[in-house]
Amino acid sequence: PITSSSTKNLPRPSPSTTTDLSHQPTMASATFVIATLLLATTPFAALAWDGPVLTAPASLPTCGAGCENCVENCGAVLANNGLCCQVASNSSCDVGGQWINSVAGCQNTEGMQLCVLSDDAKKSCDEDLKPQQPGRNWNPMCIGIIGGVGPQAGVDVTTKVMYQVAGLPASAKENTAGKNITRKPWYRQARDMPMFTLNSAPKLDGTTQNNWGWATQAEQVANIGEVLNEIDQTFPPCIGSRGVVGLACNTIHDYLYESLNETFEFVSIVKAVKDTMSKELDASGKKDAFILGSAVTMTPKGEYKALYPPFTDWNVNQGITTKKDRSYLWDNVILKVQQGQPDLAHENFVTFIKKWIPEGFTGPIALSCTELPIAAVDPKTGKFVEGYNFIDPNNELARALVTRAEEVVKEKTPEMWKGYRCGVDTFIKLCCDPDQNTTCTRCCESKSCKVGSSLERLQCTA
């Protein structure tokens with residue numbers, strides 16, 4: 001940028017492209033934690049200087065000692081143009097030059113002299129002046145998900161936890177329900193995703209199925225309790241101390257609810273679905289609804305019994321009266337998903353809803369077995385079967401887990417949350433486009449971000 005014949009242009013890195021994270025799904029893996037830790041301290045690549053371009057006078061002296069320390073001894077504007085303002089008497093730079101950022105400012109300051117950085121100083125300054133991302137903590141929220149009944153459902157809930165945090169437009173191919181999911185205001189980067197752990201426990205399914213039909217309620221709870229003890233030991237400590245746990249299954253919910261509540265902050269998938277269904281029926285003033293799932297789930301004896309008379313005046317599952325009809329979804333849809341036959345499961349699911357859901361029905365239809373949201377997806381479109389108002393329990397549980405996890409960490413470790421949010425707010429202020437503040441994947445473009453290893457801009461004491 002310097003036009004003086006006695007100087008060379010300070011080399012600049014090429015600009016990097018930016019990516020909008022507002023609707024990109026985040027993939028969970030073992031490398032996630034490592035990447036998060038690295039991001040907390042590692043600066044991004046430098047951006048091209050897009051500030052003022054200065055024209056330097058001819059025949060300037062080469063800067064002397066101390067001028068290679070651009071961060072402390074040179075004004076950022078001058079340094080990014082290959083210049084500095086040094087003390088004239090000893091041809092060296094000190095901290096006073098840090099506040100001088102123009103050619104005229106240096107020339108009009110008594111005892112100061114404009115100079116050109118040497119090639120070695122330019123290289124050093126080029127590195128020091130790279131914009132750096134403010135160091136900040138990662139999200140302290142912790143979420144545990146118990147899966148395995150079946151495994152596909154646990155993965156689906158885990159994926160939808162990420163969508164509930166990062167957001168997902170209705171038009172995104174991953175958005176099976178076609179309903180917009182708003183990004184959390186504190187989510188900007190990978191470190192802002194809560195820590196989550198999926199324990200897909202096949203023993204849990206084996207225990208419940210082996211006992212089905214002969215074990216009493218108390219025996220079921222005791223047998224399942226043995227499995228829960230093993231699950232408890234696999235979750236990270238933060239889930240017990242400041243986190244939440246959800247079960248990716250409706251059918252065995254009643255067996256686990258009490259035991260899990262004694263050990264963890266348990267978030268109920270059944271309550272999440274109940275709340276959404278209640279809101280929809282109250283808003284519409286209608287009384288008709290469907291609760292689909294296993295044979296027991298679809299009766300007043302199942303986990304959704306509170307939605308049936310006499311507890312409500314709703315008309316639930318009208319027309320589906322025989323055990324044979326209620327067993328159809330379990331035998332021909334739910335088990336087919338668990339057996340790895342999604343296309344057949346979808347075909348059988350469509351057969352069922354066309355037979356039992358009246359044409360033009362607009363009331364809520366709860367897909368109250370966690371395999372049903374998988375079977376409801378049309379493989380041709382990637383979306384739920386059109387024309388129905390489905391309630392996805394996996395999405396409802398994911399939303400409830402994220403909501404409650406934030407509440408719990410605020411209640412149990414408020415200082416930790418305040419410190420994290422301070423970092424987020426500072427990052428947004430320094431590094432995000434104010435007109436579209438989701439674009440924050442590059443650091444501090446056109447901002448006065450911290451530079452160099454010795455400067456700290458964050459004032460987060462909590």
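The values are calculated or read from the model by the stated rules, or taken from the named source; none is laboratory data. Nothing here was measured: the structure is a model prediction, and the numbers come from that model. Cβ placement follows ideal geometry from the backbone for every residue including glycine, while neighbour counts extend to all protein chains displayed. Calculation scope for accessible area: heavy atoms of the full protein, side chains included, ligands and nucleic acids excluded. Shrake-Rupley method; radii C 1.70, N 1.55, O 1.52, S 1.80 Å.
When only residues in the stretch 306-325 that are part of a helix (DSSP H, G or I) and surrounded by 14 or more Cβ atoms within 10 Å (Cβ to Cβ) count, which is modelled with the lowest pLDDT?
307
Take the conditions within 15 Å of residue 149 (Cα to Cα), of a type in the set (Ser, Thr, Tyr) and modelled with pLDDT under 80 and apply them to residue 251. Does it pass?
Taking the combined requirement at face value, the residue satisfies it.
Looking at (1) part of a helix (DSSP H, G or I); (2) open to solvent by 20 Å² or more (accessible area, probe 1.4 Å), which is the one condition that is false for residue 177?
Here residue 177 meets the rest and fails (1).
Go through (1) open to solvent by less than 30 Å² (accessible area, probe 1.4 Å); (2) farther than 13 Å from residue 126 by Cα and name the single condition residue 82 misses.
(2)
Listed here are the residues, each with its yes/no results for (1) touching a helix residue (DSSP H, G or I) at 6+ places or on another chain (Cβ under 6 Å); (2) modelled with pLDDT of 85 or more; (3) over 18 Å from residue 198 (Cβ atoms).
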| site | (1), (2), (3) |
| --- | --- |
| 230 | no, no, no |
| 233 | no, no, no |
| 236 | no, yes, no |
| 247 | yes, yes, no |
| 261 | no, no, yes |
| 272 | yes, yes, no |
| 277 | no, yes, yes |
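Here's the yes/no breakdown for (1) open to solvent by 30 Å² or more (accessible area, probe 1.4 Å); (2) basic (Lys, Arg); (3) on the phi < 0 side of the Ramachandran plot:
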{"residue": "240", "(1), (2), (3)": "yes, no, yes"}
{"residue": "246", "(1), (2), (3)": "no, no, yes"}
{"residue": "252", "(1), (2), (3)": "no, no, yes"}
{"residue": "271", "(1), (2), (3)": "yes, yes, yes"}
{"residue": "300", "(1), (2), (3)": "yes, no, yes"}
{"residue": "328", "(1), (2), (3)": "yes, no, yes"}
{"residue": "333", "(1), (2), (3)": "no, no, yes"}
{"residue": "336", "(1), (2), (3)": "yes, yes, yes"}
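Do you know which residues across the stretch 382-415 are more than 25 Å from the chain's Cα centre (by Cα) and of a type in the set (S, T, N, Q)?
Passing the criteria: only 389.
What are the residues in the stretch 276-298 that are in a loop (DSSP other than H, G, I, E, B) and free of Cβ contacts under 8 Å to residues at least 24 places away in the same chain, if any?
285, the sole residue that qualifies.
Which members of the stretch 353-409 meet the condition of being of a type in the set (Val, Ile, Thr) and more than 30 Å from residue 241 (Cβ to Cβ)?
353, 357, 362, 365, 374, 377, 381, 385, 391
Being hydroxyl-bearing (Ser, Thr, Tyr), assigned to a helix (DSSP H, G or I), surrounded by fewer than 23 Cβ atoms within 10 Å (Cβ to Cβ) and modelled with pLDDT under 95 is the requirement here; does residue 124 meet it?
So residue 124 fits the description; yes.
Given the structure, is residue 231 touching a residue at least 60 places away in the same chain (Cβ under 8 Å), part of a strand (DSSP E or B) and touching a Leu at 6+ places or on another chain (Cβ under 9 Å)?
So residue 231 fails the test.
What's the total number of residues in the stretch 185-198 that are in a loop (DSSP other than H, G, I, E, B) and modelled with pLDDT of 95 or more?
2
Give just the number: which of (1) open to solvent by 50 Å² or more (accessible area, probe 1.4 Å); (2) modelled with pLDDT of 90 or more; (3) part of a helix (DSSP H, G or I) does residue 105 not satisfy?
(1)
For the stretch 63-77, how many residues are at pLDDT 90 or above and within 39 Å of the chain's Cα centre (by Cα)?
Going through the stretch 63-77 one residue at a time, the tally reaches 0.
Could you count how many residues in the stretch 154-174 are buried (at least 18 other Cβ atoms within 10 Å of the Cβ) and in a loop (DSSP other than H, G, I, E, B)?
Residues flagged as buried (at least 18 other Cβ atoms within 10 Å of the Cβ) and in a loop (DSSP other than H, G, I, E, B) within the stretch 154-174 amount to 1.
Which of the following residues is open to solvent by 20 Å² or more (accessible area, probe 1.4 Å), modelled with pLDDT of 95 or more and in contact with a strand residue (DSSP E or B) (Cβ under 7 Å, 6 or more places away or on another chain): 405, 366, 400?
400
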